[in-house]
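Inspection log for the structure reproduced underneath, given as structure tokens.
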Amino acid sequence: MLVSLLSREKYQVSSVEQNTFQNVVLKANQANFAENHDNDYLKLLRWNNEIEASYASFSRNKSDAYFDESDGMIKKAASMLQLSLYFSFKKILEPTFARSEELGKTTSMKIIESDITKLAIDVASIINSKKKLIESSDDGCGDLSDTNLECCVDTLKFVSEVVRACKNLIRLRNQMENSLSTGIACSKIKDNSSVSQLQSRAMLDVYITFLTLCSNNKRMPSEKATVIPKNLENTIMNISRHSSLVLFHAMHGNRNTASRNALGIFIRQLNGISILVDMLVRPNPVPTTLSIVRHLHNLIGSMPDSLRQINAVLQKKFIGGGEEKFNRVQQEEPVCLVQILCASLVWTIRSDPSFPGTSSMDRRGDLAEEIWHVLFAIGVGNQFKTVFSDNNLDEQLNHKLSPKTDAILQLGILICDVLHMSNFDSRTYRCKLAAVHLLMDAPVIFGKFLFANNCVDPLVVILWLQLNAVLVEKQGGGSQDVVQLMPILVVLSNMAQGNLEFKQILKNKYVFPAMANSGLRVHENNVVSNSSINETSSVSNRPMNPKDSPPGTLRNKLIRLMTW
């Protein structure tokens, strides 16, 4: 096993320190290379599950002594993780390989560092060869004994957990760094990361090698899908997903020296942007696509010039100089990231089963939310004015649209579709909030498009729900809770200022409704209705006065927010 779970008594952990996360930190120390992979796999799986469940319980303001002790353990564990990957690769490539014999011979980490990338590439080559053999065979299963891959599935599962442990160790170390209270100690450790060897060029190359494994996974016809080894397929997907996550934390976890170096190596030496773009345009499992989009989001946020580089790579792939498979359709204008993300968003929201799906394992809601965030970071909302102006839209709809213009139009339509979805599923609700962020940059003329597609009521419902979250559920909340109201308030204010129809319905139906309709309530399923008001009531139909604010109405909540 890689990181043994040592007894609590050895470290004399006080009762104050006995939360799950800290126990895991103190237990992570030394490795035990038993020959029983099943035993190693289960123990490491348990360790990964435990540490991932305990991140939220990590307390801040740790002492320097606490950090020094834990950091030393993490450094040793990082070495053991790297060593274990090396041995696992050797085991896959050489079935007769015995770790117990090799452990005494291999003492230099420099040897491992120089060989591990080549071993990973060889392992990936074997996996890809096996998949091609399966795909080309008449019965769809091939001869599994040709590459001896079937007997190595257990080792690959172990490799998957090792890569996952690398991610958890880097993330753990980053959280420990953030927990330090003294600036001197924080400055000291930022230049001497205990997990830097997991962020080296060789290890980044290993992660990239396994990241690209699932994108080479050819979709098989349904009649052949049952004969493909399911455990192998799932293992490959897990390795790819964990590789993407460890890359993310290695480059974007903290702005320390090791992370900055890793990001620079990934971009400049390993051609990282081209790899991410290539993964984005290929068919991948939703979790893998989600991780790729998050990589691009962080690159755009941290490197201002990265968007230009991404678009340049896309143009090369689709128009000229790229691979043959990307040259099927000649584009009249350069392909850009907006078009790719829009196509991905359309599939995510409109594919079967109905969005966001009934299974908790369906990640399409998370993917859609992340794409909206990337589009906001790019500033796509500002581009709406080129499509949704008074004259432009009708004129352009009568002509063939350019690919980018068509993508912007599709985004406008998708925003309306998403706003009309139910709020009962939290994944859909988060997707709506992300779409609202995009509308903050939209021109006021877009309010006419929203009004024409009956989107005023859904926007008010979002405001209603967020006001409830701050004023009712959290009893006033804090400054962070109030900040969450800004996007929807900005959108409603901008659209009302630029569109008379939008303003009238917002004013007369919600903010200053007739007193006879003062019982108007907003429901979470995007509908509005009157509360039980007697039809013979003598309540006046006059509009509300500024001082009128019946409890439970939107106006009442807005006034409470203003005086909070």
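The values are calculated or read from the model by the stated rules, or taken from the named source; none is laboratory data. Please read all numbers here as calculations on a predicted model, not as lab measurements. Neighbour counts are summed over all protein chains in view; Cβ atoms, including those assigned to glycine, are modelled from backbone coordinates with ideal geometry. Side chains are part of the model used for accessible areas, which takes the heavy atoms of the whole protein and leaves out ligands, DNA and RNA. Shrake-Rupley method; radii C 1.70, N 1.55, O 1.52, S 1.80 Å.
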Residues located in the range 427-463, provided they are hydroxyl-bearing (S, T, Y) and out of contact with any Pro (no Cβ under 9 Å at 6 or more places or on another chain)
Y429
Any residue at all in the range 475-488 that is at pLDDT 85 or above, more than 21 Å from S422 (Cβ to Cβ) and either in contact with a helix residue (DSSP H, G or I) (Cβ under 6 Å, 6 or more places away or on another chain) or open to solvent by 40 Å² or more (accessible area, probe 1.4 Å) (or both)?
yes
Among the residues of the range 138-160, are any modelled with pLDDT under 85, under 29 Å from the mean Cα position of the chain (by Cα) and part of a helix (DSSP H, G or I)?
yes
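Per-residue answers, yes or no, for (1) within 16 Å of N174 (Cβ to Cβ); (2) at pLDDT 70 or above; (3) polar (S, T, N, Q); (4) open to solvent by 40 Å² or more (accessible area, probe 1.4 Å):
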residue	(1), (2), (3), (4)
R60	yes, no, no, yes
D64	no, no, no, yes
F87	no, yes, no, no
F97	no, no, no, no
K110	no, no, no, yes
L119	no, yes, no, no
V123	no, yes, no, no
Condition first: in contact with a helix residue (DSSP H, G or I) (Cβ under 7 Å, 6 or more places away or on another chain), open to solvent by 50 Å² or more (accessible area, probe 1.4 Å) and more than 16 Å from V436 (Cα to Cα). Now tell me which residues in the range 351-384 satisfy that.
R363
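What tally of residues in the range 357-395 results from selecting those that are at pLDDT below 80 and not in a loop (DSSP other than H, G, I, E, B)?
Residues meeting the conditions: 6.
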Some residue of the range 422-441 being surrounded by fewer than 21 Cβ atoms within 10 Å (Cβ to Cβ), outside any loop (DSSP other than H, G, I, E, B) and modelled with pLDDT under 85
no
Looking only at the range 203-213, decide whether some residue is modelled with pLDDT of 85 or more and of a type in the set (D, E).
yes
Can V418 be described as more than 17 Å from K507 (Cβ to Cβ), assigned to a helix (DSSP H, G or I) and touching a Pro at 6+ places or on another chain (Cβ under 6 Å)?
no
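Evaluate the range 300-312: report whether one residue or more is of a type in the set (A, V, I, L, M), at pLDDT 90 or above, open to solvent by less than 40 Å² (accessible area, probe 1.4 Å) and more than 19 Å from V162 (Cα to Cα).
yes
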Among what's in the range 241-290 and is of a type in the set (S, T, N, Q), touching a helix residue (DSSP H, G or I) at 6+ places or on another chain (Cβ under 6 Å) and not in a helix (DSSP H, G or I), pick the residue that is surrounded by the most Cβ atoms within 10 Å (Cβ to Cβ).
N284
Among the residues that make up the range 458-474, is at least one of them among the charged types (D, E, K, R), assigned to a helix (DSSP H, G or I), at pLDDT 90 or above and open to solvent by 20 Å² or more (accessible area, probe 1.4 Å)?
no
Residue check for I134: open to solvent by less than 40 Å² (accessible area, probe 1.4 Å), touching a helix residue (DSSP H, G or I) at 6+ places or on another chain (Cβ under 7 Å) and either part of a helix (DSSP H, G or I) or at pLDDT 65 or above (or both):
no
Members of the range 291-304 found to be in contact with a helix residue (DSSP H, G or I) (Cβ under 9 Å, 6 or more places away or on another chain) and over 17 Å from F210 (Cα atoms), listed by number
V293, R294, L296, H297, N298, L299, I300, G301, S302, M303
